[in-house]
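This report refers to the structure that appears directly beneath it.
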Amino acid sequence: MSQVNYCPRGRGVPSHRVLIEQGRRLYNPAMKFFGSQKPAELVTSGRFELERDGQVAYLEYTLAGDVLALLHTEVPEAFRGTGMSSSLVKTALEWARENHKKVDVVCPTVAGYLKHHPEYSDLLLR
């Protein structure tokens with residue numbers, strides 16, 4: 001198991017320490033240490049992907065309860081400027097809407113997309 005930081009927001013909100021299990025499942029062990037009888041919060045990590053000519057563009061996310069955190073977008077250099085990141089972001093936001101999730105924006109690419117698409121502002125975690 002390796003340790004990572006979940007939700008590195010940089011907006012004065014503290015990060016939560018989590019552990020990766022089997023590379024895809026996360027949980028917040030801190031809940032066990034504060035006398036809480038609630039089970040540990042289950043967090044799922046993954047990514048939305050687009051493949052073109054054998055290369056993959058992706059948008060990494062975590063999902064905890066009703067919050068989809070959009071963390072990082074990566075597009076192969078050969079396909080930058082072709083709208084792949086916009087397609088990834090739109091797909092993630094539509095998925096959040098269809099599944100009644102709020103969105104926590106960590107990725108600057110997602111933030112830039114939202115500036116031009118206010119129709120998704122109702123999804124933002126406030």
How about region 80-100: which of its residues are part of a helix (DSSP H, G or I), surrounded by fewer than 16 Cβ atoms within 10 Å (Cβ to Cβ) and touching a Leu at 6+ places or on another chain (Cβ under 9 Å)?
SER87, THR91, TRP95, ARG97
Counting only residues that are of a type in the set (Lys, Arg) and part of a helix (DSSP H, G or I), region 106-126 contains a total of 1
Tell me, please, whether a residue that is closer than 16 Å to ARG47 by Cα, touching a helix residue (DSSP H, G or I) at 6+ places or on another chain (Cβ under 9 Å) and not acidic (Asp, Glu) can be found in region 111-124.
no
Tabulated pairs, region 110-126, first in contact (Cβ under 8 Å) with a residue 24 or more places away in the chain, second part of a helix (DSSP H, G or I) and among the charged types (D, E, K, R), C-beta under 7 angstrom, 6+ apart or interchain:
LEU123/ARG97
Return the residues of region 41-71 that are of a type in the set (Gly, Ala, Ser) and either assigned to a strand (DSSP E or B) or touching a Lys or Arg at 6+ places or on another chain (Cβ under 6 Å) (or both); say none if nothing qualifies.
SER45, GLY46, ALA57, ALA64, ALA69
So, in region 65-75, exactly how many residues are touching a residue at least 24 places away in the same chain (Cβ under 8 Å) and surrounded by 12 or more Cβ atoms within 10 Å (Cβ to Cβ)?
7
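Each value in this text was obtained by applying a stated rule to the coordinates, not by laboratory testing. Note that the structure is a prediction, hence the values are computed from the model and not measured. Counting neighbours? That spans all protein chains shown, and the Cβs are built from the backbone with ideal geometry, glycine included.
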